[in-house]
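Enquirer: Please find one structure pasted underneath; my questions will follow.
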Amino acid sequence: MVHALEKTGRFLRPGGCLLDIHDLVDPPRIEIHARDQQVFAGQLLSTSGFESQRQADQAMDQVIQKGLFSSTHSKIFENFIRADSIDSMEACLAEDWESAYMTDETHRTVEALAAGLGEETQVVLRMISRITRLDPVKSCT
């Protein structure tokens, strides 16, 4: 990742910047939302221990420390993935996030909460993400 960021400066127009958006290392929350209720059901886990998020943080830190980019604007925000059922959520995760999984206990908790809260429930993955503006300081080679 560091190598790619180091090379990015060549491709930016004068005055251009790079926007980085990635999830933070905190395990995402799995919630059930129904009407005005939001109920915690568990956490999403990762077979990689969320290593790609750590690597993204480290890569940004390294190019800033090397003096290739500066970061003056950064914002942390909540990011949501919503599904109509636990099966839909698991299918989405399998397609887009191969290292993610939930325990059997969390799966059962989600099913029980969804059944108890009625028909109009959503399974929600609540992630903490960050967007950072990286401005090139000098020519990246």
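The values are calculated or read from the model by the stated rules, or taken from the named source; none is laboratory data. These figures come from a predicted structure and were not determined experimentally. In this analysis, Cβ positions are derived from the backbone assuming ideal geometry, glycine residues included, and neighbour counts consider all displayed protein chains.
Enquirer: Tell me yes or no: at least one residue of region 117-126 is modelled with pLDDT under 95, part of a helix (DSSP H, G or I) and under 23 Å from ILE21 (Cβ atoms).
Expert: no
Enquirer: Could you tell me which of the residues ALA91, ALA83, ALA115, ALA56 is closer than 18 Å to PHE40 by Cβ, surrounded by 12 or more Cβ atoms within 10 Å (Cβ to Cβ) and among the small types (Gly, Ala, Ser)?
Expert: The unique qualifying residue is ALA83.
Enquirer: If you don't mind, another one. Please indicate, with yes or no, whether at least one residue in region 41-64 is touching a strand residue (DSSP E or B) at 6+ places or on another chain (Cβ under 9 Å) and farther than 30 Å from VAL2 by Cβ.
Expert: Yes, region 41-64 contains at least one residue that is touching a strand residue (DSSP E or B) at 6+ places or on another chain (Cβ under 9 Å) and farther than 30 Å from VAL2 by Cβ.
Enquirer: Here are some conditions: (1) within 13 Å of the chain's Cα centre (by Cα); (2) within 30 Å of LEU117 (Cα to Cα); (3) not hydrophobic (A, V, I, L, M, F, W, C). ARG54 meets all but one. Which one does it not meet?
Expert: (2)
Enquirer: Hey, among the residues in region 82-97 that are outside any helix (DSSP H, G or I) and not small (Gly, Ala, Ser), which one's modelled with the lowest pLDDT?
Expert: Result: TRP97.
Enquirer: Would you please list the contacts, defined by Cβ atoms under 6 Å and residues six or more apart or on different chains, that run from a residue in region 5-16 that is more than 13 Å from ARG133 (Cβ to Cβ) to a residue that is among the acidic types (Asp, Glu)?
Expert: From region 5-16, no pairs qualify.
Enquirer: Do you know which residues across region 1-32 are surrounded by 16 or more Cβ atoms within 10 Å (Cβ to Cβ) and within 20 Å of TRP97 (Cβ to Cβ)?
Expert: Scanning region 1-32 gives ASP20, HIS22, ASP23, LEU24, PRO27, PRO28, ARG29, ILE30, GLU31, ILE32.
Enquirer: Out of everything in region 64-74 that is surrounded by 10 or more Cβ atoms within 10 Å (Cβ to Cβ) and outside any loop (DSSP other than H, G, I, E, B), what residue ends up being nearest to the chain's Cα centre (by Cα)?
Expert: Among them, the one singled out is SER74.
Enquirer: Failed condition for CYS17, given (1) within 30 Å of ASP104 (Cα to Cα); (2) in contact with an Asp or Glu (Cβ under 6 Å, 6 or more places away or on another chain); (3) modelled with pLDDT of 85 or more, with all others met?
Expert: Unmet condition: (1).
Enquirer: Run down ARG133, ARG108 and say which single residue is surrounded by fewer than 17 Cβ atoms within 10 Å (Cβ to Cβ) and under 26 Å from GLN58 (Cα atoms).
Expert: ARG133
Enquirer: Something else now. Inside region 23-82, can you point out the residues that are farther than 25 Å from LEU134 by Cβ and acidic (Asp, Glu)?
Expert: Within region 23-82, GLU31, ASP36 meet the criteria.
Enquirer: Could you tell me whether any residue of region 84-104 is farther than 30 Å from ALA4 by Cβ, in contact with a His (Cβ under 8 Å, 6 or more places away or on another chain) and of a type in the set (A, V, I, L, M, F, W, C)?
Expert: Yes, the conditions are met somewhere in region 84-104.
Enquirer: If I filter region 39-51 down to residues being modelled with pLDDT of 80 or more and surrounded by 13 or more Cβ atoms within 10 Å (Cβ to Cβ), which single residue comes out as farthest from LEU24 (Cα to Cα)?
Expert: By that ranking, first place goes to VAL39.
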